[in-house]
Amino acid sequence: MTGKERLQCLLDGGVPDVPPHWELVFQLEKEMLGMDPASVAEADRGAFQVDVYHRLVDDLGWAAVSGGYDADSVARVKKALGNKALVPAYEGGGVFWMPNGTDMMDFVVRLFERPSELHEEARRKCEAAKEHFRRAVDAGADFFVLTYDFGYNDAPFVSPAQFASLVTPYLTELVATIHDLGRRAILHSDGCLTRILDQLHGTGLDGYQSVDPQGHMDIRQVREQYPDWILMGNVACNMLQDTDEARIRAAVQYCMRHGGMGKPYILSTSNCIFSGMPPESYQIMLDEYRRLTSAVAA
């Protein structure tokens with residue numbers, strides 16, 4: 001099976017011979033591929049990104065590449081790579097999630113003093129996201145990645161009761177819309193989600209990416225709770241900042257064992273391949289993944 005076929009198998013409710021691999025974002029174009037984004041004119045960035053995606057699929061075996069946050073981008077990437085990789089559309093504004101520092105105080109005041117105002121805004125966000133989903137499907141999106149960071153390192157951004165009121169009903173609607181369109185939804189969220197994980201699973205989300213070790217999320221425990229949920233991630237990004245081969249290989253082994261082999265899992269870091277990560281660290285991660293899967297895939 002190809003990476004694309006393995007990922008499609010997962011989205012269709014099956015379990016492939018080995019877990020597929022891809023990452024939400026890749027920022028080591030120059031270091032790993034010899035392709036320098038700084039040398040590319042603004043008008044050529046779309047074509048440059050497509051060329052990078054071809055390399056990620058051909059050289060690194062990625063099962064999917066990002067279609068981005070707008071329908072035109074999805075259509076462009078789908079046309080260029082749809083024959084050899086799945087193309088998800090991303091959405092990042094359909095529900096409330098962790099506010100930035102500038103907006104934090106205003107959000108807290110509204111949460112406690114003007115909750116009806118927040119719900120009115122939540123409805124507008126939800127309806128706009130639904131329209132985005134429809135446009136993205138028309139453009140060829142194979143599935144959706146919902147990029148909502150719900151957790152700090154020790155707790156969700158609001159209490160479980162507040163989350164149940166302000167987020168869960170709207171997220172449930174979004175997932176239902178995606179399913180009505182014949183697609184699947186994977187949540188990306190960093191942070192500690194332990195106290196709201198049952199709510200997230202209950203929305204109908206098909207998968208959960210990050211499973212963030214820095215947020216005290218253990219893929220073994222999450223897998224035991226939700227054996228049929230598509231999980232993606234848990235190879236700690238902060239660990240990949242240092243090229244410690246033994247630790248990286250052990251982390252990949254842990255994720256593949258518990259995530260993992262024979263289960264609905266996608267190997268990835270706990271966030272993305274970020275600028276500044278030593279390329280050797282990602283190469284070690286890939287090498288261990290290939291070592292673990294080679295005998296089965298053969």
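Every read-out reported here was derived from the displayed coordinates using simple, explicitly stated rules and does not represent laboratory data. Here the structure is a predicted model, which means the values were calculated and not measured. Cβ: placed from backbone, ideal geometry, glycine included. Neighbour counts: every protein chain shown.
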### Message
Angle check, please: helix 168-180 long axis (alpha carbons) against the longest principal axis of the chain (alpha carbons), in degrees 0 to 90, nearest 10.
### Response
50
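State, as an integer percentage, the relative contact order of the chain based on alpha-carbon contacts under 8 Å between residues 6 or more apart.
Here the relative contact order equals 20 percent.
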### Query
Whole-Hz Karplus ³J(HN,Hα) for region 75-82, in order, using 6.51 cos²θ - 1.76 cosθ + 1.60 and θ = phi - 60°, x for Gly and Pro?
4, 5, 5, 4, 4, 7, 10, x
### Query
Which cross-chain or sequence-distant (5 or more) residues have an amide H under 5 Å from the amide H of H188, H modelled 1.01 Å from N in plane?
L146, T147, Y148, Q209
### Protection proxy ranking of 71-83, 262-274, 25-37 - average other beta-carbon atoms within 10 Å, highest first
262-274, 71-83, 25-37
### Query
If we sort 106-119, 188-201, 243-256 on the protection proxy, mean other Cβ atoms within 10 Å, highest first, what's the order?
188-201, 243-256, 106-119
### Message
How much length would be gained if the chain were fully extended between A246 and D58, taking 0.36 nm per residue of separation minus their Cα-Cα distance, in nm to one decimal?
### Response
65.0 nm
### Task
List, in order, the whole-Hz ³J(HN,Hα) value for each residue of region 44-57 obtained from phi through the Karplus relation with A = 6.51, B = -1.76, C = 1.60 and θ = phi - 60°; use x for Gly and Pro.
9, 5, x, 5, 4, 5, 4, 4, 4, 4, 4, 5, 5, 6
### Summary
Between S159 and A41, the two model label points (7 Å from Cα along the beta-carbon direction) sit apart by a distance in nm of 5.7
### Two-site label geometry, E121 and Y69: point separation in nm, points 7 Å out along Cα→Cβ
1.6
### Query
Going down the table (K30/K84; K4/K263; K4/K79), which pairs top 21 Å between alpha carbons?
K30/K84
### Query
Along region 130-147, what does the Karplus equation 6.51 cos²θ - 1.76 cosθ + 1.60 (θ = phi - 60°) give for ³J(HN,Hα), rounded to whole Hz, x for Gly and Pro?
4, 5, 4, 4, 5, 5, 5, 5, 4, 7, x, 4, 7, 6, 10, 10, 9, 9
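If we count every other residue with Cβ under 14 angstrom of G182's Cβ, Lys/Arg +1 and Asp/Glu -1, where does the sum land?
Values: positive: R134, R183, R184; negative: D12, D138, D142, D180, D206.
Local charge sum for G182: -2.
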